[in-house]
Amino acid sequence: LRGSEDLGNGLKATFKLEQRFKSDDGSLDSVNFKGESSVGLSGGFGAVLLGRTTTVYDDLRDLTNPIGDTNLSPVIDAIKEAKGDYVDTTDNTIAYRSPVIGGFSGGLTLSLGENKTSTVDATQHTALKLQYANGPLLVGYAYQNEESQNGAPAGINDVTYHLLAGSYDFGVAKLVGGYQNADRKTVGAKTGDDSVYYFGVSAPVAKDVNLYFGYVNSEFDAVAANGDVKATGYTIAANYWLSKRTDLYAGYKQIKKKNDNSGADLGKISQLAVGVRHSF
């Protein structure tokens, strides 16, 4: 459910409520809203949102994620298999996204937790994005810090993410890619670092037919001995447009995980997907 109201002089009020249900049986995915739950104002100054919403860090990853930022992209799965990825949607959030000025834009999100105790600070997430987009070129930098309560021992887990990413549309093909680094601490003690690079290409190969390819390499360098983990993956996909709003798609994704110290195989994920999609 979403809507907007024109308040005059270029000012608009907006709201959005998102819920998810399981397509195989119709049951709710969660008793709570799992997507966005926000109200906001937008105008010449940009846009301000309050409530549960995505972070501006997620904005940059969305724009540069291979396979059109869909679940067929190998990036999220590989990062999670190596150690873990950033939080894309946060509660109790104040979000600001600037207007585009000369190709430049930016944004800030601040999530304030409500779980402060007498001994441990509340959970708090902060994200920042700077971006330049002009014609076929897009390049940006994003930062996200996640301070989350830890149960035992009581304290704060601290994870800081940095992302440098971009895209370029050559017309005959579009390239996307990025590099992400994360520093992890548990109650003040460093547990390790993540490093991730990914890239993808999409190209029209015939009328109404597009091919996609994405690759990711994700590594967790642990402080503990023999704790290093490496995950690599790829996706090959294609879609065919039946009309301006409806397309058929198919794709195959594979993720492999191993201990980066011993080389021991830690498992594999394979996913085959086919479907039809209609945009309302």
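The values are calculated or read from the model by the stated rules, or taken from the named source; none is laboratory data. For clarity, every value in this text was computed on a predicted model and none was experimentally measured. All Cβ positions, even for glycine, are placed from backbone atoms using ideal geometry, and neighbour counts span all protein chains on display. When the accessible area is computed, the model is the full protein with side chains, heavy atoms only, and any ligands, DNA or RNA have been set aside. Shrake-Rupley method; radii C 1.70, N 1.55, O 1.52, S 1.80 Å.
Label zone (Thr186, point 7 Å along Cα-to-C-beta; backbone nitrogen cut-off 15 Å) within the stretch 218-240: 221-229.
For a straight C-alpha distance cut-off of 20 angstrom, the lysines reachable from Lys34 (same-chain residues fewer than eight places away being disregarded) are Lys16, Lys22, Lys80. Select one label from [x] 22.8, 76; [y] 20.3, 64; [z] 18.4, 55: the one whose number is Rg and Dmax of the Cα atoms in Å as derived from the coordinates shown. Calculated Rg and Dmax of the Cα atoms in Å: the matching label is [y]. Listed peptides 97-109, 261-273 appear in the order 97-109, 261-273 once ranked by packing, highest mean of other Cβ atoms within 10 Å at the front. Near Tyr161: Cβ cut-off under 9 Å, other residues only, Lys/Arg at +1 and Asp/Glu at -1. The net charge is -4.
Assuming charge only on the beta carbon of Lys and Arg (+1) and of Asp and Glu (-1), the dipole of the chain about its Cα centre is about 540 debye to the nearest 20.
Cα-based values for the stretch 3-115, radius of gyration first and Dmax second, are 16.3, 50 Å.
Taking square-rooted eigenvalues a ≥ b ≥ c of the alpha carbon gyration tensor, is the stretch 104-222 rounded, prolate or oblate, where a/c under 1.5 means rounded and, failing that, a/b exceeding b/c means prolate?
Values: a/c = 3.21, a/b = 2.17, b/c = 1.48.
Cα axes put the stretch 104-222 in the prolate bin.
Cross-link reach is defined here as a Cα-Cα straight distance under 19 Å, omitting same-chain residues fewer than 8 places apart; for Lys230 the aspartates and glutamates meeting it are Asp77, Glu81, Asp85, Asp183, Asp193, Asp194, Glu219, Asp221, Asp260, Asp265.
Rg and Dmax, both from the Cα atoms of the stretch 182-280 and both in Å, are 18.6, 56. Coupling constants for the stretch 151-157 follow from the phi torsions by the Karplus curve (6.51 cos²θ - 1.76 cosθ + 1.60, θ = phi - 60°), and in residue order they are x, 9, x, 5, x, 10, 8 Hz; glycine and proline get x.
With a cut-off of 12 Å between beta carbons, the residues surrounding Phe220 carry a summed charge of -3, where Lys and Arg count +1 and Asp and Glu -1. Which residues in the stretch 130-150 place their backbone N less than 20 Å from a point set 7 Å from the Cα of Tyr96 along the Cα-to-Cβ direction? Flagged as within label range: 130-132, 141-146. Modelled spin labels at Leu130 and Leu108, positioned 7 Å past Cα toward Cβ, are 1.4 nm from each other.
What order do you get for 231-237, 154-160 when each peptide is scored by the mean count of other beta carbon atoms within 10 Å, highest first? Let's see the in-between values first.
Values: 231-237: 21.9, 154-160: 16.9.
Taking the mean over residues of other Cβ atoms within 10 Å, the ranking is 231-237, 154-160.
The mean accessible area for residues of the stretch 23-112, using a 1.4 Å probe and ignoring ligands and nucleic acids, is 47 Å² per residue. Between Leu242 and Asp208, residue separation times 0.36 nm minus the direct Cα-Cα distance comes to 11.5 nm. If you roll a 1.4 Å probe over the chain with all protein chains in place, what percent of the accessible area is carbon or sulfur? C and S fraction of accessible area: 57 percent. Were the residues from Ala154 through Asp24 laid out at 0.36 nm apart, the gain over their Cα-Cα distance would be 42.7 nm.
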